Amino acid sequence: MIYKETLDWMFSQLPMYQREGKSAFKKDLTNSIAFSKELGFPERKFKTIHVGGTNGKGSTSHMIASILQEAGYNVGLYTSPHLKNFTERIRINGKEISKRKVSSFITKHKTFLEKQQLSFFEMTVGMAFDFFEKEKVDIAIIEVGLGGRLDSTNIITPEVSVITNIGLDHTHMLGDTLPEIAYEKAGIIKDNIPVVIGEKQDEVKAVFLKKAEKKKSELVFASDIKHVYETDLLGDYQKANSKTVVSAIKQLKGFEVSQDDIKKGLLNVVKNTNLKGRWQVLQEKPKVICDTAHNKEGLNIVLNQLKKEKHVKLHIVLGVVSDKDLESILTLFPKDADYYYCKPKIPRGMSEVLLKEKGAFYNLKGKKYSSVKKAYKKALLNANQQDIIYIGGSTFVVAEVI
């Protein structure tokens, strides 16, 4: 199978969350365990750090990987979703898995995958674990896909578990309250394995303390750290993430990581791991910023940072997915901006007509465009050199402009 055919086949296997939403969410680890057995339990043959949470888990995973690379280790990194190319999901020392390896892996295991009816995410996790084992990584940073307790990645026993924070996202799958969501995320806390919680939140800290006590896991709240670490990632939210990262590194036993490795790792995240889409400045005059923040907590931080940027006029290119709780996010957006409503190019993208209607209800005035590219093009045309264009609302909107 050639690469494009391979991806088309993978994307067509049982609903995939990236495209379909809730119907792709499986409340069971049976398939993941069965595939691991078929592959010879590759995830047992290398060390891991497991990273979950509502916001910041992608950035946190990349920062940890960058530090360990600076310390001279061979570091695997598994993240999702991808922005441009599927191969972004699986990397070693910042280098993506080859298209050839993706194709040959699927071809080799296709009979099993079809018989077992694995989802896109389940087969991708298996591919990552198999690749990391074959390439003999010293350690792999594994980002949770969705939730934690029943996520396909949750068959590993890591050296450290990390949970960045808890926010109201994917409520239709993980629960309607912060404690319910925290319970799902806390599912990655394992027996006698240290756990780092990024933010000490009053509503959920008891959930984590209870689970850690039950599992006899040492628990650390990274937000208790006073020191702020510098990083090349520009979003204000990275200050909290960097504390989480340093706390995780300090909990990691059996790896030699110096203060210099930590400093260099945090300052070279983009170079070491090729991270994109986090407060990424695409151009100056007019300044164009894109960010993958897509829920209330994430957008609140990003939009506050946007207020600090000097500009004459603010242009916002906005698109979301259809299962988004618009009431919780549209109230955060500034009313004095010009809006360019658009639909991301995926089946579960929300119609630009509906989004414009909802926006108008909150006095967010603007026009609708049939694609992200058309909306962005019009914003560039309308903006003066002193203006700012912000592109966001969804990972899939950002994916179309970077």
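The values are calculated or read from the model by the stated rules, or taken from the named source; none is laboratory data. Computed from a prediction, not measured in an experiment: that's the story for all the values here. Accessible surface is based on the protein model in full, side chains and every heavy atom, while ligands, DNA and RNA are left aside. Shrake-Rupley method; radii C 1.70, N 1.55, O 1.52, S 1.80 Å.
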What is the angle, in °, between the Cα long axis of helix 372-382 and the longest principal axis of the Cα atoms in the chain? Nearest 10 is fine, range 0 to 90.
40
Residues whose modelled amide H sits under 5 Å from the amide H of GLY52, counting only those 5 or more places away in sequence or on another chain, are VAL144, VAL162, ILE163, THR164
Check cross-link reach from LYS136 to the aspartates and glutamates: straight Cα distance under 20 Å, and skip same-chain residues fewer than eight apart.
GLU38, GLU43, GLU70, GLU88, GLU96, GLU159, GLU256
For region 195-244: lysine pairs under 18 Å (alpha-carbon distance), excluding those fewer than 8 apart on one chain
11
Rounded to whole Hz and in sequence order, give me ³J(HN,Hα) for region 239-255 from the Karplus expression 6.51 cos²θ - 1.76 cosθ + 1.60, θ = phi - 60°, writing x for Gly and Pro.
4, 5, 4, 5, 5, 4, 4, 5, 4, 5, 4, 5, 7, 7, 9, x, 10
Which ³J(HN,Hα) values, rounded to whole Hz and listed in residue order, are derived for region 338-345 from phi using the Karplus coefficients 6.51, -1.76 and 1.60 in 6.51 cos²θ - 1.76 cosθ + 1.60 with θ = phi - 60°, glycine and proline given as x?
9, 9, 10, 7, 8, 10, x, 7
Roll a 1.4 angstrom probe over the protein heavy atoms and tell me the percent of accessible area of region 316-402 that is carbon or sulfur.
52
Taking volume of the Cα convex hull per residue in Å³ as the quantity of interest, determine which of (i) 157; (ii) 132; (iii) 146 was computed from the displayed structure.
(ii)
What are the lysines whose alpha-carbon lies under 17 Å from the alpha-carbon of LYS324, with same-chain residues fewer than 8 places away excluded?
LYS22, LYS296, LYS343, LYS345, LYS356, LYS358
Could you look at region 126-191 and say what percent of its accessible area is carbon and sulfur, using a 1.4 Å probe and all protein chains?
46
In the chain, what % of DSSP beta bridges are antiparallel (nearest 5)?
20
Tell me, how many Å apart are the Cα centres for region 255-289 and for region 355-402?
25
For region 44-94, the accessible surface attributable to carbon and sulfur atoms (probe 1.4 angstrom, ligands and nucleic acids excluded) amounts in percent to 38
Might you tell me the accessible area per residue for region 119-270, computed with a 1.4 Å probe and given in Å²?
41
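Find the accessible area per residue for region 275-381; the probe is 1.4 Å, ligands and nucleic acids are left out, and the unit is Å². Walk me through the numbers on the way to the answer.
On the way: 5360 Å² over 107 residues.
That works out to 50 Å² per residue.
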